[in-house]
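**Q** After the structure tokens below, expect a handful of questions from me.
The values are calculated or read from the model by the stated rules, or taken from the named source; none is laboratory data. Just so it is clear, the structure is predicted and the values come from calculations on it, not from any experiment. All Cβ positions, glycine included, derive from the backbone under ideal geometry; neighbour counts span all protein chains shown.
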């Protein structure tokens, strides 16, 4: 019995720390829009920049009971593109898409992509994210996404796309 008590304490301590750790983990969601113009050339790289995305990080961290200096990690966990116009349009016109993030004073980094896009794809395109450490980009006041695409079909009308991104934030427990 004496040997069981320390073992039970260690198990409780590990389980309790995991529960506390979850209290300092949360997601930040950001959205942006881009437009693919009509008449884009085939098999030629096309670059579209989003407008600056305000992070409001200080406010978001405060809402989640933390501060910038307590952030341990921020990683992009989900990025998806959704066609908002014209109705019925799909991403079949794309061959490849790569998404890059940049912020003032920081190098541009590829954060997600979808290569060899199947022609049967619909109006929503989930991209593969890389788990790159991005806390300095989200701690900045704004960041920008650059969408680099290659088309494999003629785009006959303007295509409006909404980009949804989710960043997982992990902060220090109780400032420790």
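**Q** Considering only the stretch 136-143, I want to know if a residue exists there that is under 22 Å from residue 27 (Cα atoms), assigned to a strand (DSSP E or B) and out of contact with any helix residue (DSSP H, G or I) (no Cβ under 9 Å at 6 or more places or on another chain). Before you say what the answer is, go through the steps one by one.
**A** Within the stretch 136-143, the subset under 22 Å from residue 27 (Cα atoms) is 136-143.
Checking the rest, the ones that are also assigned to a strand (DSSP E or B) come to 142-143.
Now drop any that are not out of contact with any helix residue (DSSP H, G or I) (no Cβ under 9 Å at 6 or more places or on another chain), which leaves 142.
So far as the stretch 136-143 goes, yes, one or more of its residues are under 22 Å from residue 27 (Cα atoms), assigned to a strand (DSSP E or B) and out of contact with any helix residue (DSSP H, G or I) (no Cβ under 9 Å at 6 or more places or on another chain).
**Q** Condition (residue is modelled with pLDDT of 95 or more and more than 19 Å from residue 30 (Cα to Cα)) applied to the stretch 158-175: is it met by at least one residue? Break it down into steps so the answer makes sense when it comes.
**A** Narrowing the stretch 158-175 to residues modelled with pLDDT of 95 or more: 158-170.
Next, only the ones that are more than 19 Å from residue 30 (Cα to Cα) stay: 158-159.
Yes, there is a match, as at least one residue in the stretch 158-175 is modelled with pLDDT of 95 or more and more than 19 Å from residue 30 (Cα to Cα).
**Q** With at pLDDT below 95, within 24 Å of residue 118 (Cβ to Cβ) and surrounded by 11 or more Cβ atoms within 10 Å (Cβ to Cβ) as the only criterion, which of 86, 45 stands out?
**A** On the way: 86 fails: at pLDDT below 95.
Result of the check over 86, 45: 45.
**Q** Another question, then. Residue 159 passes all but one of (1) buried (at least 16 other Cβ atoms within 10 Å of the Cβ); (2) over 26 Å from residue 117 (Cβ atoms); which number fails?
**A** Against the list (1) buried (at least 16 other Cβ atoms within 10 Å of the Cβ); (2) over 26 Å from residue 117 (Cβ atoms), residue 159 comes up short only on (2).
**Q** Please verify whether the stretch 86-104 includes one or more residues that are part of a loop (DSSP other than H, G, I, E, B), in contact (Cβ under 8 Å) with a residue 12 or more places away in the chain and over 20 Å from residue 162 (Cα atoms).
**A** yes
**Q** Given (1) in contact with a strand residue (DSSP E or B) (Cβ under 6 Å, 6 or more places away or on another chain); (2) surrounded by fewer than 16 Cβ atoms within 10 Å (Cβ to Cβ); (3) in a strand (DSSP E or B), identify the lone condition not met by residue 131.
**A** Every condition holds for residue 131 apart from (3).
**Q** Within the group 73, 116, which residue is over 13 Å from residue 165 (Cα atoms), outside any strand (DSSP E or B) and touching a strand residue (DSSP E or B) at 6+ places or on another chain (Cβ under 9 Å)?
**A** Numbers: 73 fails: outside any strand (DSSP E or B).
Selected residue: 116, the only one of 73, 116 that is over 13 Å from residue 165 (Cα atoms), outside any strand (DSSP E or B) and touching a strand residue (DSSP E or B) at 6+ places or on another chain (Cβ under 9 Å).
**Q** Looking at the stretch 162-175 only, could you name the residues that are within 23 Å of residue 107 (Cα to Cα) and buried (at least 21 other Cβ atoms within 10 Å of the Cβ)? Please lay out each step first, then the result.
**A** At the first step, the residues of the stretch 162-175 found to be within 23 Å of residue 107 (Cα to Cα) are 163-170.
Correct list: 163, 165, 167, 169.
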